[in-house]
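Q: Got a structure for you, written out below as structure tokens; questions coming shortly.
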Amino acid sequence: MAAAAAAAADEAERSRGRRAALCFAAIAVLLGLPLWWRTTETYRAALPYAGIAALGRLPLQLSVPISVVFAPGSVPADLPRQLPYRDVREEPVPVGSRSDVAARYEELYRGTTAREAVALGAATAREADAALHALQDASPGSLTVYVVPESSPLLPQGTDVYMGKHRSALLRAGQGLAALRARFQQLTRVMSLPATSIAAALADRVPDGQLGPDARRHLKSSLGYEITFSLLNPDPKSHDVDWDIEGAVGRYVQPVLDKLSVVANFSVDSQILYYAVLGVTPRFDKESSSFLLSAHSLPHVINPVEARLGSSAASLYPVLNFLLYVPERSHSPLYIQDKDGAPVPTNAFHSPRWGGIMIYNVEAPASPQASLPLHVDVDMVRVMEVFLAQLRLLFGISREELPPEFQVESPGNEGLADWELDRLLWAHTVENIATVATTLTSLAQLLDQISNIVIKDDVASEVYHAVASVQDAMAELAEGRLRSAFQASKEAVTSSERAFFDPSLLHLLYFPDDQKFAIYIPLFLPMAVPILLSLAKILREARQRKKEPSKID
């Protein structure tokens with residue numbers, strides 16, 4: 001009896017041990033492991049991966065509203081329908097295989113109103129353009145073409161097209177609708193939506209062979225730009241240079257920046273640098289008794305000078321440098337030669353995406369015994385004329401080669417016409433959309449490859465806002481609303497850059513999986529070994545019980 005009681009007690013103790021081991025194992029597996037995994041996992045907010053993938057192809061439709069207004073006596077006899085009527089013309093924009101860009105010209109053909117007919121009766125095309133501008137409510141990106149009779153005195157002899165400084169043009173009626181359409185399409189390619197500007201905006205997506213030599217020379221789109229005017233006086237002992245840069249900026253530069261304020265924010269500053277040399281020794285020419293800088297030596301001029309400027313060291317935005325260099329007395333006069341060896345008329349050159357340099361020679365004193373330093377008053381009109389032309393080149397607003405029958409009105413003190421501003425808005429809007437698509441695609445690929453990067457809710461919110469804004473920009477472009485499309489693209493760029501450069505995305509702040517296991521295994525192993533050994537013992541005992549034969553009384 002005592003032996004049986006001891007065996008029963010021993011069996012009860014083993015059964016209690018087995019139940020305890022199973023309870024510990026169940027708690028560790030069902031509660032401990034999920035709790036540990038949940039408290040140590042990397043938080044990753046959901047992102048719109050499908051919306052980001054849809055941006056990769058960059059399907060764009062650029063709608064351009066155009067009004068073709070026929071003055072009395074200019075309506076072709078072979079018009080397909082009676083005025084007014086609408087027509088739609090679509091053209092693909094050749095920008096490579098990575099993007100689908102199409103231009104949609106929504107054309108409205110109508111006759112003139114009574115007030116427009118009066119305005120077209122002005123003495124000159126300039127007066128007619130100003131009078132028509134007062135009657136128009138032209139939105140950015142739109143274009144109005146007024147077709148005048150072939151005998152109209154508004155266009156001088158030999159001029160078939162007059163391009164005003166607003167969003168309208170005068171077109172002489174041709175012989176039939178076909179000739180008029182050919183001239184009209186040529187005009188819209190210049191004033192409205194040139195394929196070259198769109199291809200330059202998508203330069204990162206277009207193969208090199210399909211781009212012109214100047215496609216990557218324009219400034220990239222940015223939320224702001226800093227303009228620095230610098231006067232370099234390497235010989236202050238000989239020249240006391242005085243320049244009215246503040247007055248010149250207010251008279252000549254500020255009107256242009258006011259016009260460009262819809263594109264970006266601008267800040268302007270100036271400085272005077274003494275004993276700053278070009279870093280290239282000019283060659284003396286005996287025939288002209290002057291010093292020369294050849295075209296191949298100009299790239300070596302910028303680096304030594306840029307080290308003295310110091311303007312781009314702490315700048316968040318691209319810096320445009322415009323330098324006025326007064327040569328030292330020992331190297332005067334100094335002239336720049338082009339590739340053919342001819343002197344450059346402006347005595348200046350510009351560097352793409354950097355700025356421009358102008359050399360300002362000082363007339364030698366009539367008497368060799370003149371007292372030094374010589375007082376020099378800089379002709380700011382001549383200087384600013386060069387700098388503004390360089391500013392247009394940097395932004396890609398250079399005038400294209402036009403046929404001789406085209407006449408272009410000068411934009412005046414504003415520096416650029418309204419239709420030139422629209423071209424810049426088209427290019428920057430498309431470039432912003434492409435930049436956002438590239439940024440978000442790179443971010444999605446990075447987060448997909450490195451799974452232990454934390455994605456906070458504010459980062460995900462910026463990504464969602466960027467995707468929504470770029471979709472709004474594409475929708476506004478398809479509707480022909482250029483200004484709102486540009487504003488939406490700017491918001492998309494801001495949100496995408498905030499998300500991409502968020503400090504929480506630095507993956508070096510987090511442990512990879514192998515380091516995580518190396519840290520936690522020494523913690524869990526002492527607890528796991530007894531549980532695993534107990535489970536193994538329970539399995540062995542269960543197998544032994546199955547092998548023992550059943551006792552039959």
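Q: Quick one: what does P(r) look like for the chain with 20 Å bins over all Cα pairs, in whole %?
A: So the P(r) values, bin by bin, are 16, 34, 26, 11, 8, 4, 1, 0.
Q: At most 13 other Cβ atoms within 10 Å and a DSSP loop assignment: could you name the GluC sites (Glu not before Pro) in the range 102-204 that fit?
A: Here the GluC sites (Glu not before Pro) that fit, given the DSSP loop and packing criteria, are E150.
Q: Given all pairs of different Cα atoms, what value in angstroms does the Kirkwood hydrodynamic radius of the range 93-154 take? Could the numbers behind the result be given before it?
A: On the way: mean 1/r = 0.0700 Å⁻¹.
Kirkwood radius, the range 93-154: 14.3 Å.
Q: Length gain on complete extension for the stretch V344 to A9, per 0.36 nm per residue less the alpha carbon to alpha carbon distance?
A: Values: separation 335, 0.36 × 335 = 120.60 nm, distance 11.16 nm.
Net length gain for the segment: 109.4 nm.
Q: Counting other C-beta atoms within 10 Å, and keeping those with at most 11, which DSSP coil GluC sites (Glu not before Pro) do you find in the range 350-427?
A: Answer in residue order: E363, E400, E401.
Q: Lys pairs in the chain, Cα-Cα under 21 Å, at least 8 apart or on separate chains: how many?
A: Numbers: K165/K259; K220/K259; K220/K490; K259/K490; K286/K339; K456/K516; K537/K546; K537/K547.
Lysine pairs, 8 or more places apart or on different chains, close enough: 8.
Q: How many nm separate the modelled label positions at A45 and L177, each set 7 Å beyond the Cα in the direction of the Cβ?
A: So the label points at A45 and L177 sit 5.6 nm apart.
Q: A further question on this structure: Using Cα pairs closer than 8 Å and at least 6 residues apart in sequence, work out the relative contact order for the chain, in percent.
A: 18 percent
Q: Round to a whole number: what % of the accessible area of the range 337-435 belongs to carbon and sulfur, probe 1.4 Å?
A: Of the solvent-accessible surface of the range 337-435, carbon and sulfur hold 52 percent.
Q: Scan the chain and hand back the longest stretch that contains none of the chymotrypsin sites (Phe, Trp or Tyr not before Pro) lying in DSSP loops with at most 12 other Cβ atoms within 10 Å. It would help to have the intermediate numbers written out before the result.
A: Numbers: sites that count: Y43, Y275, F501.
It runs 44-274.
Q: Using 0.36 nm per residue, how much length does the chain from L402 to A536 gain when fully extended, once their Cα-Cα distance is taken away?
A: 39.2 nm
Q: Using the heavy atoms of the protein chains alone and a 1.4 angstrom probe, what is the accessible area of the chain per residue in square angstrom?
A: Ligands and nucleic acids excluded, the result is 53 Å² per residue.
Q: Give the range of the longest stretch in the chain that excludes all trypsin sites (Lys or Arg not before Pro) found in loop regions by DSSP and having at most 10 other beta-carbon atoms within 10 Å.
A: 82-285
Q: What does the helix-only formula give at 222 nm for the chain: each DSSP H stretch with n ≥ 4 adding -39500 (n - 2.57), the total divided by the residues, and the result rounded to the nearest 500 deg cm²/dmol?
A: Mean residue ellipticity, 222 nm, calculated: -13500 deg cm²/dmol.
Q: Can I ask one more? Note down the magnitude of the dipole of the chain about its Cα centre, charges +1 on Lys and Arg C-beta and -1 on Asp and Glu C-beta and zero elsewhere, to the nearest 20 debye.
A: Charge dipole, the chain, about its Cα centre: 2720 debye, nearest 20.
The values are calculated or read from the model by the stated rules, or taken from the named source; none is laboratory data. Given the structure is predicted, the values throughout are model-derived calculations rather than measurements. Glycine also receives a Cβ, built like all others from the backbone with ideal geometry; neighbour counts cover every protein chain displayed. To get the accessible areas, we keep the full protein, side chains included, count just its heavy atoms, and leave off ligands, DNA and RNA. Shrake-Rupley method; radii C 1.70, N 1.55, O 1.52, S 1.80 Å.
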